[in-house]
1. Quick check on segment B:29-52: of everything there that is out of contact with any strand residue (DSSP E or B) (no Cβ under 6 Å at 6 or more places or on another chain) and crowded, with 18+ Cβ neighbours inside 10 Å, which residue is nearest to residue B:151 (Cα to Cα)?
2. Which one is farthest from residue B:174 (Cα to Cα), of the residues in segment B:59-97 that are more than 11 Å from chain A (Cβ to nearest Cβ) and surrounded by fewer than 24 Cβ atoms within 10 Å (Cβ to Cβ)?
3. Check residue A:164 against each of (1) over 28 Å from residue A:2 (Cα atoms); (2) more than 9 Å from chain B (Cβ to nearest Cβ); (3) more than 20 Å from the chain's Cα centre (by Cα); (4) not in a loop (DSSP other than H, G, I, E, B) and name the one condition it does not meet.
4. Grab the strands (runs of 3 or more DSSP E) fully contained in segment B:1-90, keeping just those with 2 or more residues being in contact (Cβ under 8 Å) with a residue 40 or more places away in the chain and over 27 Å from residue A:63 (Cα atoms).
5. Here are the criteria: (1) more than 14 Å from chain B (Cβ to nearest Cβ); (2) touching a residue at least 12 places away in the same chain (Cβ under 8 Å). Tell me which single one residue A:176 does not satisfy.
6. Just to check your reading of the model, which residue among A:151, A:178 is closer than 25 Å to residue B:42 by Cα and not in a loop (DSSP other than H, G, I, E, B)?
7. If the requirement is being in contact with a strand residue (DSSP E or B) (Cβ under 6 Å, 6 or more places away or on another chain) and either over 22 Å from residue A:15 (Cβ atoms) or at pLDDT 95 or above (or both), which of these qualifies: A:269, A:276, A:214?
8. Return the residues of segment B:128-141 that are over 17 Å from residue B:168 (Cβ atoms) and touching a helix residue (DSSP H, G or I) at 6+ places or on another chain (Cβ under 9 Å); say none if nothing qualifies.
């Protein structure tokens, strides 16, 4: 793990804020898509792509790169915006999201865009693929430092396939696999506790043989420390349950499951009329700068 | 006249019987000896799919995933992403039967270099009954863009197809059976990917029998008797169901008035459907499909079931004479 200075944290927070603004603009241009998850994962994506991952945007197929598998494919606006900031694609192209002929498919497609490691959208299968990648990396080199990261939603954990994959990763003691769960507490139909309760989530992962950490998903230093620890865990896969605030960064959208699957302009109207949702979101983010506070967790 | 890929005395003697799954298991070991990228995964059916020979010889390249076919498909996709050539084996009813969406998204759409072995396909699974008799797998796989679909005639061809699949870039589905079936081809024959083989030539035939999979033996026996009755027929073996050999079909429809397709599969969506779709669009010719007609299987002996569902020698002859 590289040293994370305070100036790095500030830089990453600023990048995350810019990614959030891009997400709003992309969703408004597309007229459909998911808002809450992409916004609340912006801090973690900024940390991953600009501090943690060993990757090379100029050589996306570099065989020794770390892999980032986005299992929750529907939050791809945050992946696309982050890849654009990293130089995988021109930023102007972000506004083609979900349009005919675009490389930015509504759910990610591996062969469409460099930097996208796998096609995803149907939930649960990304973790299985990440397990396969980690297995293959270890077959190639038992002492590999090549890491596989997998980002899942929390609603996604309803899928049986997640637990099939978790069981296999535990059996195989995949030290080079780190899963990050976006624990934002919402899914399309409601709060996760109402749709399908997940707790005790820590105990579930532990029972499957995983090393478990829980962090504030908006505290970049805390997440970074957890990833560092996960990398050092021997003979166990690691999961980081990142507690996030759904739609983090736009306070009038936050914590509301109705923002899971709607873009600005088509979301719930009780706090902001639809005609003003995009402008209000961008204004909030622009005035916020890099000031999302770690303490703003509960 | 039998093609030289066919055992010369096949029709005059009792055929040697062997498992197509043995051909897969032996072919997999041979493929792995030639290419260290080859890995295998199995969902708790290692012995009955014959993946155990590979597992014993290459334990470090074998992944036992437990009873989890959906996970197996996607884990294999991830391994392929790092350059492995994974073979995944289970019963066809579970893989691709249960794991179809994972195969579609993470292998097909994702263009992952994964080889899918569907064992225990067809009603000839026998006593296990309908839950374990996959008669929809060709349809499920041939509808996926880019998926190669292969159905070997016997043990030797299963072996050849597995070794071909290991060197072919892209997803491949190979369906194999449970029971011993007649050894129809010679051990020395070669596999011509995407090419139908005219295995039996009649004199100026006006009827063509097109077979895929292990029913080739019944089809050849039917042809022999049809010729004895005075009906000239040709027999073609389509080891490759997809991509379909349309050149062969063009030749057949230019010459024949009637096509009979034979497969141990639902007639809806299977090999016969693929033939009928192409022929209807190019040179409309009567296509009579021998196979299971919109029913589930049941327990019984393989012979009882093949006869009950109309895929025995008499049924093929009746279709040709209809």
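1. Only one residue tops the list, namely B:50.
2. B:59
3. Here residue A:164 clears every test but (2).
4. So the answer is B:17-19.
5. Here residue A:176 meets the rest and fails (1).
6. Being closer than 25 Å to residue B:42 by Cα and not in a loop (DSSP other than H, G, I, E, B) holds for just one of A:151, A:178, which is A:178.
7. Within the list A:269, A:276, A:214, the selection yields A:214.
8. Selection gives B:130, B:132, B:133, B:134, B:135, B:138, B:139, B:140.
The values are calculated or read from the model by the stated rules, or taken from the named source; none is laboratory data. Predicted model, so just to flag it, every value in this text is computed and none were measured. FYI the Cβ positions are ideal-geometry reconstructions off the backbone, even for glycines, and counts take in every protein chain you see.
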